Structure formats: structure tokens, C-alpha cells
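> Please read through the structure below; I'll follow up with questions.
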Number of protein chains: 2
Amino acid sequence: MRISDIRATRIAFSDPPLRNSWGVHEPYALRTIVQVFTDDGIVGLGEAHGGAEIIEQRRLELLGLDPFQLSVLRQRAGGAYAVLETACLDIIGKAIGRPVCDLLGGKMRDEVPFSAYLFYKLDNAVNSGVEFADLSPSETMTPEAMLRQAMEFVQKFGFHALKLKGGVLPPHDEIESLQLMNDFFGEDVRLRIDPNAAWTVETSIKACAEMERRNLCMEYVEDPTPGQDGMAAVQATKRFPLATNMCVTRFDHLGDGYQKKAVKVVLVDHHAWGGLVACMQVARVCEGFGWGVSMHSNSHLGISLAAMTHLGAAIPNLDYACDSHYPWANVDVVNETFRFVDGKLRVSDAPGLGVSLDEDALARLAEVRIRYGREKRDDATEMRRFVPDWSPKLPRW
Amino acid sequence: MRISDIRATRIAFSDPPLRNSWGVHEPYALRTIVQVFTDDGIVGLGEAHGGAEIIEQRRLELLGLDPFQLSVLRQRAGGAYAVLETACLDIIGKAIGRPVCDLLGGKMRDEVPFSAYLFYKLDNAVNSGVEFADLSPSETMTPEAMLRQAMEFVQKFGFHALKLKGGVLPPHDEIESLQLMNDFFGEDVRLRIDPNAAWTVETSIKACAEMERRNLCMEYVEDPTPGQDGMAAVQATKRFPLATNMCVTRFDHLGDGYQKKAVKVVLVDHHAWGGLVACMQVARVCEGFGWGVSMHSNSHLGISLAAMTHLGAAIPNLDYACDSHYPWANVDVVNETFRFVDGKLRVSDAPGLGVSLDEDALARLAEVRIRYGREKRDDATEMRRFVPDWSPKLPRW
């Protein structure tokens, strides 16, 4: 079995004006959809934020490879390895009649829990002419509006964990948002906040103390402040476990993260850590370090979600529900679109990832990308449409 | 595909009176050979130093398992997981027509380099009536005798790396042994010494300084002294990379080992670290930590060697030749016995491990084990046959 062709298709899909500490999401999120073809007629799928350039540049080194030779692929594909690994695992699974989770050590759970990914946001109308998912369309910039968004997520999808993307309002207002959710949902949900490094160490310590004082039902606080040293200073107060997807994101960050006691939870992400197998490896390290494991998400569609679900099914020590932006998308490139029920996704037993490409949708979204024309996500520039002197200063508070 | 039966056979095979810091090898080495049978007629093989009791006790929890469900197997098999994982990977490989290395990320090299494993030893005649491998039969307790052993290993097997099991003679005599090898082989071989924690920190530092002064061609010094703190004190002198198979042997040792800068090289061992996949994970951690990877060995036969060879083929960052006791064995339980050529073994492309059980040999060695009667290796008690007041005091020098 050999790789006979690789196709990387740049697409864009509409993404609401979600706020974060850098600025605001542009009207379209950018993704690359990868199809890997084998000489015996199998097609493997992958999805990532980018990687198309690398695949195009290294095409000749990649064609002819046996999809099982993942370590060779890693050497040759560099930064596009993760998306190609996903496609190769999809191929292997299809070739041997096994779901991808069985290639990662097997299925530890039949359903994978996900969390609501709540965002402060502008009114969808700021991007007139763009159609968005039917979800929290109005401006959401107050604790009360955020509670309404949370209620909508819980009602529609049944999430039991709520992640608030923070670093947008002054810390007091974000804590007040958590307070309203805590008051409304009580022990039915667990809360997280991710200020994306928008808080100083001092603010982070004060905010954690305040969340503790209010007895909020926090699972963890994610990246309140930049860098391992800052995180360590906050973690030293021992109020809540600190989670990260910013200061421990590569294998060469793990040792220092442990040494500095910077975090207690790592959010794995197969796109960012270099593949699904790498995330299994990170999870094993977390087990050894006594750290928890959760999962990170960027804006994505169903191929990524399928891979995330298989990974979530395979990680023995998945201690927390996984993040996913998926509810914010109103389109997909797979025929088997996903629907969260009771905040969970059922793990597919079909061979490979268990999703197939909707070729028409792919073509449509590829055209959207061409029309949109942008090549790189830039939340700060987008933010200047609304706040001309915006600067993504971190930490801000 | 389900596990329909598991057979764990305790065997013993003759092992020469090899010396180490605890004492001397008993006349027979103890192993457990595991056969895992599936309902579709595949048999997977595993070999370990023990594990038979656990397998017998947990038999009912293990039968019926799908061999792909390795993480469930890990939970159920506990300390017998590694040997069962090897057997399951053998099964998976056979079921899908792939060598085991392809289940570990693929083959990074066609031949795996091994090192000579040199031992000070007593004369084989101390165990009269036992037949040993035709290798260094006489007493080897001087630098000159050790050089003769090294010459025999290099001549017969072509090794390019020589590992001296140290901690037996006073350090000066062991360094003198290395000196004679260095003088004889020059740059054709690289040297290692493994005092098995027999040296104090002070002695280790002095010995490393002396090896440096003599300009010996040392790849690394393995476990000169006990514990991560002691190793760190030696490593701080920065003379040679320190390697370990004693102070970083579990996932929860990795963080402290990094923090203390205790070592620069980890010897993986799929029997000890909890399987072949775990060793791939450790190797990835080593890559992230900036540590080298080598491979450890205990007395073993061909099933273990097959697994070690597939692992050695799959680890991208295998920085050193692998240890193996195999030349010291004069029997095997597999039909495809191994022969080192130019110090290397060719990686099998056959499905699974690429070895099949010699049922007659297994039956013979099971009888040897029954006649021998011992259940646990005890090099110190054996040593008292020759030195009645022997105490395995570590560190000794």
C-alpha cells in the first residue's frame, strides 16, 4: 500500500465575531482539508488550520510512502505531519477494518464528553451578508448575555462543562459571568475560564482568590497569564489547577513545565502537538507527572472533530470534557455531521475516522476561500474594524 | 477477534556465572513464555522475566478481550501488561500482515545495531554438569581476560559498541579493562561501563575524570552511583553523558530526572517500562528533554530479542546500539534463532514479531525450570556459594 496522491484544499467557512484577548474572529475561519489517496483505492482524510504549502512543496518526497511508515512521514512532512498522520490513520483503519481509536490503544469509552465553548461576541450583524450558525446571534458582552448563551448551549447540546473564553471583559465582569452560570446551573455543570494570557500574575492570583471566595464550581483556570514562570507563580497559590494550551505545547516544554510546577493540566491538540499518536504520548507523560489531561480546539469542522473524538475515546486518563468550536460552525465537509447529545459524541465503530467527504461542500468552501482571499488568521486586524486603535496587548489587566 | 486462551510457561535456561555488583548469575536464568491464542486461530508470543502468576490470577478478566484494546488490557493485566502487549502486537501484526515495527510508527532502519555485553565471570566449571554457550568459558576477572572476552565478542559477532558490566572489580581495574580494549580496538569500537550503582558519587567523579584523562572512547557511563541525586552530582561534572536503567525507570521518574539533571541517556526496556508502545513514548520524551536513547537487556531468548529488534527499528532517535544478553544463551524457544552480523540484526518483514515457537524446546526448558525449582532470581545468595560472607552492598567503592 503506497500513497499515490495527496490533495490539500484550502477552504473557508463562516465564523461568528467571537471575541478573545487578541481581538475578534474574522468572518471566515480558514482550514485545509487533506485527502491522501493510496494505490489500492483508499482515501484518508485530514483537517488542519494550514499545511497546504508544505504539502505542495514536499509532494514528491511524500508520494510513494507506505502509510504505516509514520516516523518517516514525520521526518519528511515537518509541520504538515499532524494532518497527514490523521489521513494515514484513516487509511490504515480503513485498510484493516478498524476505527482510528483502535490504532491508538483502543476505546476506553463509548462516548466522549465535550464542553460548551462560550465566547463573548459582537452581534453577527457586524458581518452583514454572511450566514452563521443559529446560535447566540446577538452581541454577548455582559454577564447576563453570557448566561443566555450558556443556557442556549446547555439546552441545545446538553453540555455538563462550560468553558468561558475570557480575557475580553475586565476580570470582575468575567467572574460575574461565571457567577451567574454557577447560580443558574448549580452542580449540574462545571466551569472553566480561559483568559488567554490576558491577566498579569497579580491579577490572576486575585481573580483565583475571588473565584475561590465565591465558591465557584471551577474545574480549572486555563492560561490566565503568559509563560511558565508566570503560570508557576499563580499555581503556587494552589487555588485551582491551572491548565494550558499556551505554555506547554511541545515535547521540549514538558520538562521545564514540570520543573517549574507551571501547570496541573495539559490541553492536548493533535493539530498542535504533532498528531494523534503524539497526544497519546503527552497523555502518558501527564499520567507520570501527575497532571490532568483535557483537549484544546480551534475553529474546525467534522474531520477534525472525528479525529478528536477518536483521540478522546483512546486517552485512558482523559480527565476533563474536550473543548470544541464545532457548534459555532454552520457547515461541514463531511456527510456524517455531528450532533452533541447530553454533551457527548458517540465514538464511531466504522473503519478509520468514520467520516466521508462531502465533495460538493468541499468545492463550495474552497470557492468561499478563494473569494475571501486571506491566507492567515489575524484577529487583531479584524478587531480594528471596530476599535481603530486596538492593540492586542498581553497581559491587558 | 478475541483472546480465547492464554498460556504462560515458566522456563529456565543455562546462564554462565556472570558477575555484577549484586553477586553472580545463577546457573539458570528464569523466563516466562506467553502464548496468546485468538478465536480466529492466531497465536501471539511474548517473553518476560516473570508474570505467569498475574496471568494465571487474572485469566478470566483477560479472556474475551480484543487484542487491539491495549489500554483496557493495561488496566486489567497490571504488571503482566508488557508481555501480553508484545503477544497482542504479534497477533495484530499477523492479522493485518505487518511486522510489529509497523505498529510502532514504522521501520526507521533495516538493521538494528547491538552492543557486546561483556561480563566479568567465574569459570563455567563452577556449575559442573550445566552446558553453557561456547563463549568465554574461563574465569574472566582481570583486565587481560576481559580483553580476550571482548576480542571473542567482536570476532564472532562484529559488535562496534562494547558494554562492560562493572561494579565487580575495584574501579581502577575496570578502567584498566576499558583501557586495554581502547588500545586494542582503537576507534573501531565505542565503550560503555555499567557499574550498577556500585560506586559512590566521589568514586564516580574520580573514575570519570580518570577515563577522561586516559581519553577513553566512552559513549556513556551507565548508573555509576545510586539514585537521581547522586547521578546528578556526577553528571554535573559534565565529563560523560550518564545513562540509566536504574534511576529513571517509570513515567513518574521522568520529571524529577529532568529537574535534577540526573541523566543524559535513558535505556528503554519494553519489559520494564510497560511495553513496546510505552518505550516509543519514553523515546519521544527523551527527544523533548534532549536526552539520548539506548536499550537495556536482561538475560533473554529470541522472543524478547525479536521484540527488542522491532522496537530498535521503530525508535526514530535510537542514539546508541542496544544491549543484549542473547550471545550468552545456548538455547532458544524460537525456530528462527538470531545471529549478530557486523553487530547488527536485520529487522524481519514477516507479519508480527517474525518468530515462531519451537514447542519441543519450550517443553524441554519448562522441564529444566521444574527440575531447577527456583522461583526468583537471587544473585546474592548464589554469590555466597563462592564468598560465604558476601553482602551486595551498594555502593561498594
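The values are calculated or read from the model by the stated rules, or taken from the named source; none is laboratory data. Everything numeric in this text was worked out from a predicted model, so none of it was measured. Positions of Cβ are generated from backbone atoms using ideal geometry, with glycine treated the same way; all protein chains shown enter the neighbour counts. Surface areas here come from the heavy atoms of the whole protein model, side chains and all, with no ligands, DNA or RNA. Shrake-Rupley method; radii C 1.70, N 1.55, O 1.52, S 1.80 Å.
> Among helices (runs of 4 or more DSSP H) lying entirely in segment A:1-115, which contain 2 or more residues that are open to solvent by less than 20 Å² (accessible area, probe 1.4 Å) and away from every other protein chain (no Cβ under 14 Å)?
A:52-62, A:81-96
> Same structure again: Kindly indicate whether any position in segment B:119-137 is within 14 Å of chain A (Cβ to nearest Cβ), in contact with a strand residue (DSSP E or B) (Cβ under 9 Å, 6 or more places away or on another chain) and surrounded by fewer than 24 Cβ atoms within 10 Å (Cβ to Cβ).
Checking segment B:119-137: not a single residue is within 14 Å of chain A (Cβ to nearest Cβ), in contact with a strand residue (DSSP E or B) (Cβ under 9 Å, 6 or more places away or on another chain) and surrounded by fewer than 24 Cβ atoms within 10 Å (Cβ to Cβ).
> Take segment B:139-173 and flag every residue that is buried (at least 21 other Cβ atoms within 10 Å of the Cβ), within 17 Å of B:Ala116 (Cα to Cα) and more than 20 Å from the chain's Cα centre (by Cα).
Hits for segment B:139-173 are B:Thr140, B:Met146, B:Leu147.
> A:Pro171 fails exactly one of the following numbered conditions: (1) under 22 Å from A:Phe340 (Cα atoms); (2) in contact with a helix residue (DSSP H, G or I) (Cβ under 8 Å, 6 or more places away or on another chain). What is the number of that condition?
It fails just one condition, (1).
> Something else now. With (1) buried (at least 24 other Cβ atoms within 10 Å of the Cβ); (2) in contact (Cβ under 8 Å) with a residue 60 or more places away in the chain as the list, and A:Thr203 as the residue in question, which single condition is left unmet?
A:Thr203 satisfies all of (1) buried (at least 24 other Cβ atoms within 10 Å of the Cβ); (2) in contact (Cβ under 8 Å) with a residue 60 or more places away in the chain except (1).
> Quick one: in segment B:244-271, of everything that is over 20 Å from A:Asp256 (Cα atoms) and part of a strand (DSSP E or B), which residue is farthest from the other protein chains (Cβ to nearest Cβ)?
Out of the qualifying residues, it is B:Leu267.
> Can you tell me which residues in segment B:297-346 are farther than 23 Å from B:Lys165 by Cα, open to solvent by less than 10 Å² (accessible area, probe 1.4 Å) and assigned to a loop (DSSP other than H, G, I, E, B)?
B:Ile315, B:Val333
> Tell me the residue from B:Ala363, B:Ala314, B:Ala350 that is modelled with pLDDT of 95 or more and within 14 Å of chain A (Cβ to nearest Cβ), please.
Answer to the selection: B:Ala314.
> Take the residues in segment B:279-296 that are small (Gly, Ala, Ser) and assigned to a strand (DSSP E or B), then tell me which one is nearest to the other protein chains (Cβ to nearest Cβ).
B:Gly292
> All but one of (1) buried (at least 17 other Cβ atoms within 10 Å of the Cβ); (2) assigned to a helix (DSSP H, G or I); (3) not aromatic (Phe, Trp, Tyr) hold for B:Glu367; which doesn't?
(1)
> Is it true that some residue in segment B:180-189 is open to solvent by less than 30 Å² (accessible area, probe 1.4 Å), part of a helix (DSSP H, G or I) and under 25 Å from B:Arg346 (Cβ atoms)?
Yes, the conditions are met somewhere in segment B:180-189.
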